[in-house]
1. Among the residues of the range 18-35, how many are out of contact with any helix residue (DSSP H, G or I) (no Cβ under 6 Å at 6 or more places or on another chain) and either farther than 28 Å from residue 67 by Cα or at pLDDT below 95 (or both)?
2. Would you call residue 153 more than 23 Å from residue 32 (Cβ to Cβ), in contact (Cβ under 8 Å) with a residue 40 or more places away in the chain and either in contact with a strand residue (DSSP E or B) (Cβ under 8 Å, 6 or more places away or on another chain) or surrounded by 15 or more Cβ atoms within 10 Å (Cβ to Cβ) (or both)?
3. Among what's in the range 45-61 and is touching a residue at least 40 places away in the same chain (Cβ under 8 Å) and part of a loop (DSSP other than H, G, I, E, B), pick the residue that is nearest to residue 15 (Cα to Cα).
4. May I ask you to list the residues in the range 4-21 that are in a loop (DSSP other than H, G, I, E, B) and within 14 Å of residue 41 (Cβ to Cβ)?
5. Condition check: buried (at least 16 other Cβ atoms within 10 Å of the Cβ), modelled with pLDDT of 95 or more, within 20 Å of the chain's Cα centre (by Cα) and not in a loop (DSSP other than H, G, I, E, B). Does residue 76 satisfy that?
6. Among 130, 160, which is modelled with pLDDT of 95 or more and surrounded by 24 or more Cβ atoms within 10 Å (Cβ to Cβ)?
7. Determine, yes or no, whether residue 108 is touching a strand residue (DSSP E or B) at 6+ places or on another chain (Cβ under 6 Å), modelled with pLDDT of 95 or more and within 30 Å of residue 230 (Cα to Cα).
8. Inside the range 83-134, can you point out the residues that are under 11 Å from the mean Cα position of the chain (by Cα), under 20 Å from residue 158 (Cβ atoms) and in a loop (DSSP other than H, G, I, E, B)?
């Protein structure tokens with residue numbers, strides 16, 4: 001599945017409608033194996049430049065209650081995307097700033113062009129990277145988050161890869177080929193195993209191994225007796241391709 005932020009005239013900046021649309025989409029992604037991966041991209045020359053200026057102009061006059069409601073909308077969107085039961089691949093070109101960089105933080109894999117620019121730029125505007133902060137800290141760690149979120153500085157794709165926000169940096173003419181490489185790799189993995197693993201990683205993050213032992217042993221026990229767990233183990237022992245990987249048809253783009 002390919003999802004496109006389609007507001008190129010404003011560099012795919014967020015407004016209420018885009019946030020609601022992304023939230024609704026993320027909540028609708030099935031976990032039945034009919035969707036194997038998602039490519040999240042931006043139309044035009046920029047992935048996402050953060051908040052829309054017109055949307056921000058309305059915030060100036062919001063009450064505290066209106067700000068709470070508005071912030072909840074963005075927080076729900078990020079949580080919904082983070083909870084999508086299939087791998088989400090960020091295809092990033094141009095820039096990913098503010099909330100756009102937050103989107104990169106909730107993607108499972110990020111491929112960026114070598115000229116892309118990133119930044120957690122909220123403090124420069126006198127506001128906070130609040131809703132994106134849990135995902136940013138989880139993705140790049142507290143040390144880098146402190147440096148980059150406190151300064152609001154813009155940084156290169158190479159630096160983004162260095163700190164773990166981006167996984168591959170390529171020339172623009174290789175962007176789609178590299179994204180498709182990841183799509184094909186995910187098609188080799190069992191859909192239920194991917195969904196369960198994404199959930200498990202969120203649940204164990206930040207905990208000591210002993211504190212989540214019962215969670216981890218229960219997760220593997222349930223997966224081993226599941227239909228795909230049984231199929232995967234038998235396929236390995238019988239030296240054949242598992243059923244979910246047997247279909248070599250390429251996904252629709």
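1. Going residue by residue through the range 18-35, those that are out of contact with any helix residue (DSSP H, G or I) (no Cβ under 6 Å at 6 or more places or on another chain) are 18, 20-21, 24-25, 28-30, 32, 34-35.
Adding the requirement that they be either farther than 28 Å from residue 67 by Cα or at pLDDT below 95 (or both) leaves 29-30, 32, 34-35.
Counting residues in the range 18-35 that are out of contact with any helix residue (DSSP H, G or I) (no Cβ under 6 Å at 6 or more places or on another chain) and either farther than 28 Å from residue 67 by Cα or at pLDDT below 95 (or both) gives 5.
2. On the way: more than 23 Å from residue 32 (Cβ to Cβ): yes; in contact (Cβ under 8 Å) with a residue 40 or more places away in the chain: no; either in contact with a strand residue (DSSP E or B) (Cβ under 8 Å, 6 or more places away or on another chain) or surrounded by 15 or more Cβ atoms within 10 Å (Cβ to Cβ) (or both): yes.
So residue 153 does not fit the description; no.
3. The selected residue is 52.
4. Hits for the range 4-21 are 6, 7, 11, 12.
5. Against the criterion (buried (at least 16 other Cβ atoms within 10 Å of the Cβ), modelled with pLDDT of 95 or more, within 20 Å of the chain's Cα centre (by Cα) and not in a loop (DSSP other than H, G, I, E, B)), residue 76 qualifies.
6. 160
7. yes
8. 107
The values are calculated or read from the model by the stated rules, or taken from the named source; none is laboratory data. This is a predicted model, so every value here is computed, not measured. Cβ sites come from the backbone with ideal geometry, for glycine too, and all protein chains shown count toward neighbours.
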